[in-house]
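The values are calculated or read from the model by the stated rules, or taken from the named source; none is laboratory data. None of the values given here were measured: they were computed from a predicted structure. Because the Cβ atoms are built from the backbone with ideal geometry, glycine has one as well, and the counts that use them run over all protein chains shown. SASA here: full protein model, heavy atoms, side chains in, ligands and nucleic acids out. Shrake-Rupley method; radii C 1.70, N 1.55, O 1.52, S 1.80 Å.
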Amino acid sequence: MSFLDGPWRMAMGLRRLDPAEWLVADGQEAAELAEKRRLYAERPDEVLALLPEGQDGAAELLRLLAAHLAERRSAGFALEDEVLVVRASGERVPLDAPDPLARAGLLVQEDLCLMARQRGGGYALVGASLCFPMRWRLADKVGRAMAGIHEPVPGFAERLGGPADRFFAALEPDRPVWRANWSLTDDPRLFQPDTRTRPMALGEADAGQDLWLRVERQTLRRLPQSGQVVFTIRTFRQRLEEAAGEPQVAAALAARIREMPEPMLRYKNLLGVRETLLRWLDRRAVASA
């Protein structure tokens, strides 16, 4: 878990990633892909977007994804000429499909975003299959540069805006990276696009049952032909009672919350429940030791 790595600080926190470990599947795959299909059918304008400048990247992404799945998950996928076969369902996905980003999004649990370099430098979001957002809406972000996308994040412009732009410019196709981001929420749903911050009501005795730890495993990988950058987001959820079951985990999470400045606590919707949550974590850390 990302909060076990050390004191809280405003940083990108990037790590080298073995391309073979680019994507992650688990026992929630069937349920999460079914939820994606439901959202595609019922709320397509909220979860799918592709600008004209993202077309080449989307087509390249589908091919890269198909090759990865056929090689790394051969029990579930096979490539037959220009078609990816999904063994479980028998679905056949043409690699030249007219809707490559949408088709790619239904193959994996990850959300998929495409970032493209702009004329004046910097990168902007030009496409996404985004079914599992946490308090952000695709319609508000598509077409915007990094600074605009992260405008609500306290300190991003001052601390990370320049480094993020430089990193994107220097990222090489054969050197993908990953990072983790965590939050706490009282709503376990994966699809949470509402940007309004609803104060959490938290009883101290019920904190472990009422809150969920939500962790995003994010990867960044440059597409070699189009030069666009694929940003993947894989979301994991665990009830806090289970996530903080070990004393060192509870202690580490309490330490990160204590270190976090007030603007970030407010952004993460933790300011109002901070003291109640800390008392629960402290008791768990001591009682389980």
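Quick look at the values:
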quantity	calculated
Computed label-point distance, nm, for sites V177 and A78 using a 7 Å Cα→Cβ extension	4.0
Accessible heavy-atom area order of E275, E242, highest first, probe of 1.4 Å	E242, E275
Rounded to the nearest 10 Å², the accessible area of H150 at probe 1.4 Å	60
Heavy-atom accessible area order for E216, E46, largest first, 1.4 Å probe	E46, E216
Within the chain, longest stretch clear of exposed trypsin sites (Lys or Arg not before Pro) (DSSP loop, no more than 10 other Cβ within 10 Å)	10-118
Solvent accessible area, Å² - M10, 1.4 Å probe, full protein context	30
Rounded percent of accessible protein surface that carbon and sulfur make up, the chain, 1.4 Å probe	50
Accessible solvent surface per residue of the range 163-236, calculated while the other protein chains remain in place, 1.4 angstrom probe, Å²	46
Solvent-accessible area per residue, Å², over the range 11-131 with all protein chains present [probe radius 1.4 Å]	48
The range 118-208 - Debye-derived log10 I(q)/I(0), Cα point model, q = 0.14, 0.15, 0.16, 0.18 Å⁻¹	-0.69, -0.77, -0.86, -1.03
Sum of -39500 (n - 2.57) over DSSP H runs of 4+, divided by residues of the chain (222 nm, nearest 500)	-9500 deg cm²/dmol
The range 1-127 - charge dipole about Cα centre, Lys and Arg +1 at Cβ, Asp and Glu -1, debye rounded to 20	340
Option label - volume of the Cα convex hull per residue in Å³ computed here, alternatives (1) 135; (2) 158; (3) 119	(1)
T195-R237 pseudo-label distance in nm [points 7 Å out on the Cα-to-Cβ vector]	2.3
